[in-house]
1. Filter the range 61-77 down to the residues that are loosely packed, with under 13 Cβ neighbours inside 10 Å and of a type outside the set (G, A, S) and list them by number.
2. From (1) surrounded by fewer than 13 Cβ atoms within 10 Å (Cβ to Cβ); (2) within 30 Å of V78 (Cβ to Cβ), pick out the condition that doesn't hold for N58.
3. Could you list all residues from the range 61-80 that are in a strand (DSSP E or B) and more than 16 Å from A11 (Cα to Cα)?
4. Go through the residues of the range 24-46 one by one and say whether even a single one is within 30 Å of M1 (Cα to Cα), hydrophobic (A, V, I, L, M, F, W, C) and modelled with pLDDT of 95 or more.
5. Restricting to the range 4-30, name every residue that is in contact (Cβ under 8 Å) with a residue 40 or more places away in the chain and within 30 Å of V47 (Cα to Cα).
6. Restricting attention to the range 64-78, does a residue exist that is among the hydrophobic types (A, V, I, L, M, F, W, C) and either modelled with pLDDT under 95 or more than 18 Å from the chain's Cα centre (by Cα) (or both)?
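The values are calculated or read from the model by the stated rules, or taken from the named source; none is laboratory data. Note that the structure is predicted; figures quoted are calculated from it, not measured. Here Cβ is always computed from backbone atoms with ideal geometry, including for glycine, and neighbour counts include all displayed protein chains.
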Amino acid sequence: MESETGALRVAGSPPLTKIKDPKLPKGTRIVEEEGSPARSTSVTRRVFNASGKLLYENVWYSSYRGERRIVRIGTKKVAKKAGAKATAKPGAGGAEKPAADPAAAADAISSPTPA
C-alpha cells in the first residue's frame, strides 16, 4: 500500500465583507481582517498485491472554506475649510493658485492605500 498527498491548492479568493464606516473619511479603506483563500487538496491510496500488481486505487478530496476578509470603507464627507479658495487680487494681472490645504495633504499621505 502507498499513499500520496496532493499539494494544497488555492481554490478561490477570500470571501469579502465590506463595512461602511461613517467615522472614516470617504475613500479610506482599512483592512480589519486579512482573511484566507479557500483551499483544496487530495490524497491517493494505492493497494498492491504481493507481486506488485495494483489491486485498487482510491482518491479522497478535501476542501476548506476561506476565512472572511473584512474591510472598513469610509463614508464621511470631508468638509472643505472656509477661505481655502484664493481670489484674484485687483490689479495683480491674473488669478492666483488656490491655497494648499496642509491638513488635506497630511490626510492623503497618512491614509492607508486601498486594498
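1. Y61, K77, listed by residue number.
2. Tallying (1) surrounded by fewer than 13 Cβ atoms within 10 Å (Cβ to Cβ); (2) within 30 Å of V78 (Cβ to Cβ), N58 fails exactly one: (2).
3. Within the range 61-80, the first condition is being in a strand (DSSP E or B), and the residues that meet it are 61-64, 67, 69-76.
Once the filter is applied, which keeps residues that are in a strand (DSSP E or B) and more than 16 Å from A11 (Cα to Cα), the range 61-80 yields I70, V71, R72, I73, G74, T75, K76.
4. First pass over the range 24-46, keeping only residues within 30 Å of M1 (Cα to Cα): 39-46.
Filter once more, so that each one left must be hydrophobic (A, V, I, L, M, F, W, C): 43.
Remaining after also requiring modelled with pLDDT of 95 or more: 43.
For the range 24-46, residues within 30 Å of M1 (Cα to Cα), hydrophobic (A, V, I, L, M, F, W, C) and modelled with pLDDT of 95 or more: present.
5. Across the range 4-30, the qualifying residues are E4, A11.
6. Going residue by residue through the range 64-78, those that are among the hydrophobic types (A, V, I, L, M, F, W, C) are 70-71, 73, 78.
The next check asks that each one be either modelled with pLDDT under 95 or more than 18 Å from the chain's Cα centre (by Cα) (or both); those that pass are 78.
Yes, there is a match, as at least one residue in the range 64-78 is among the hydrophobic types (A, V, I, L, M, F, W, C) and either modelled with pLDDT under 95 or more than 18 Å from the chain's Cα centre (by Cα) (or both).
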